[in-house]
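Since the structure comes first, as structure tokens, the remarks are kept for the end.
The values are calculated or read from the model by the stated rules, or taken from the named source; none is laboratory data. This structure is a prediction, so every number in the text was calculated from the model and none was measured. Cβ atoms come from the backbone with ideal geometry, glycine included; neighbour counts cover every protein chain shown. For the accessible areas, the whole protein counts, side chains as well, though only heavy atoms, and no ligand, DNA or RNA atoms are used. Shrake-Rupley method; radii C 1.70, N 1.55, O 1.52, S 1.80 Å.
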Amino acid sequence: MIFNLPPILGLLPLVVYIVLAFNKKIHSMVNVTICILIGMFLTKTNPLTFGSIMIESLGSFLGKVGLIIMMGSGLGLVLKESGIAENLVYIIVRKIGVNNMRKAILASMFSSMVMVLLLSTLTGGNAVIAPILIPLVASVGMTPSTLAIIMQTAGVTGLFISPFSPPMVTIMELTGMTYGQVLLHASLPICIPMWIICYWNAMRVNKRLHGVYDYPEGTALDVTDYKATPETKSATNLFAIVVLVIVVYGIMTNAGMNNAITVIVGGFLAASFGAKFSAKKSIDTFMKGCGQYIWVFILFLLFDPFLNLIAKSGAYDALVDLLTPLIDSTGKVGLAMLTTLIGVYGIQGAAVAQAVMIDQVFRPLVDSIGLSINVWALVILVGSQMTSFAYPGLDMIAAVGTARSDDMKTHIQHGVIITGAALIVTFVFTVLFG
């Protein structure tokens, strides 16, 4: 540390990052860049080595996750342009049969979850289904507030159960657990109460707001005559078969992060071939989709040196030393809940980076106190992902906007319920299995 400052002050970039993250006028990339410069100053890192630091970041874990997110966006646009995404939503809707509110909520939940699972992006997945779902659900009296709740809650669970989504890949990489283990011990314990709360609160909110805050007249349309073209049907079938085979193979061989890229590439080739796209159209569409998220890829490249500079300062070790007496007195439950609360309410930003930060800071304490790795996976999931429900951040705002709602108050109230339930689940699982 410069001037022989105490190592604990190496956390200053993290503190600055948290503060600036709440300022909506400061872009995430600007925020992280500022924090990197502070970290380089504190650790006496030569700023002229920034280029080599970024080159190293290309091969880092966060760099790989950023690449997966960017490529997933490319696949999403191919699915949209080929009509596969639209066809999948109609298949779901027809199977459930949207003729009353209960079925409309279930169809919306399932559509959002499946599309986010396939595209590995919450905002992108919901954006694909919104133009199809809104006329359907409006025809049975669903309010914009109700659909917004469904889009964020059910959509997020799609990320939690997808074997190749960034949150799932991150937890598997950090804990060394297989997909099945993470699904059993972390994802499903959170998803099940989220599904129940989503359905219950959607029904409650719709009953309260129906007739008070509805979609504008003319929104509801009869779209039951939709018929997919033969090309779309064959493309959908080929895409589903190829992705299913790759996913099953990845689960059986514990392929982990590597399988995420294989799924995206295989899905892209299957969708393009099935839709009879020319090579040029396929590649142009894919790259256009990637371009929408290239800033996320660069952001993740910046996160790697940001976290490494904090580690270089010795701040993480100093924090562990500082917290050890508190953890010794409260045990595994104290450690799990403290970590979860800090993750949910203290760290805001890219969820994958939050997960890595949580693991880097608290993993030494986890190992020393003997906290179960299964519970630790749950802590990382809740600590990194529930922030979007605890605060009206990007995901919450995007869900409200995509559903064509402006009722942020109802959505924030829903977020408080979801966050509280996740914290209760974490506490119970720590007590029982920690």
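According to the calculation over all Cα-Cα pairs in segment 1-58, the P(r) per 5 Å bin from zero is 4, 18, 23, 23, 18, 12, 2 %.
For the chain, adding -39500 (n - 2.57) for each run of n ≥ 4 DSSP H residues and dividing by the number of residues yields -25000 deg cm²/dmol at 222 nm.
Using a 1.4 Å probe over the heavy atoms of the protein chains, calculate the carbon and sulfur portion of the accessible area of segment 355-434 as a whole percent. Before the final figure, lay out the partial values.
Working: 1910 of 2860 Å².
Taking all protein chains in place, segment 355-434 shows 67 percent carbon and sulfur surface.
Shape annotation for segment 124-193: C-alpha extents along the principal axes are 46, 23, 15 Å, from largest to smallest.
Per the Debye formula on identical point scatterers at the alpha carbon atoms of segment 239-346, with no solvent, log10 I(q)/I(0) at q = 0.09, 0.18 Å⁻¹ is -0.50, -1.00. Remark: spin-label model distance LEU5-ILE192 equals 4.8 nm, labels positioned 7 Å along the Cα→Cβ axis.
For the chain, the per residue solvent-accessible surface stands at 42 Å², with DNA, RNA and ligands left out and a 1.4 Å probe.
Largest GNM mean-square fluctuation across ILE55, ILE190, ILE418, computed for the chain with C-alpha springs under 10 Å, falls on ILE55. Extension gain for the segment ASN23 to LEU341, taken as residue separation times 0.36 nm less the Cα-Cα distance, is 112.4 nm to one decimal. The GNM of the chain, with springs linking C-alpha atoms under 10 angstrom apart, assigns the highest mean-square fluctuation among ILE369, ILE150, ILE310 to ILE369. Entry note: segment 1-122 has Rg to Rh equal to 1.21, where both radii use alpha-carbon atoms and Rh is the Kirkwood radius.
Within the straight-line cut-off of under 23 Å between alpha carbons, the lysines reachable from LYS103 are LYS95, LYS207, LYS227, sequence neighbours fewer than 8 places apart in one chain being disregarded. Direction-averaged projected area, Cα convex hull, the chain: 21.5 nm², rounded to one decimal. A simple spin-label model places pseudo-atoms 7 Å from Cα toward Cβ; at THR229 and ILE412 they are separated by 4.7 nm. Only helices at least 15 Å long along their axis, Cα-based, and averaging 1.6 or more on Kyte-Doolittle count here, so list those DSSP H runs from the chain. Span-like helices in the chain: 28-42, 101-119, 122-138, 294-313, 373-385. Available extension along the chain between THR49 and THR330 is 96.9 nm, counting 0.36 nm per residue and deducting the alpha carbon span. Length gained on full extension, LYS95 to PHE433, computed as 0.36 nm times the residue gap minus the Cα-Cα distance: 117.8 nm. Extending 7 Å from the Cα toward the beta-carbon at both ALA279 and GLN360 defines two label points whose distance is 4.2 nm.
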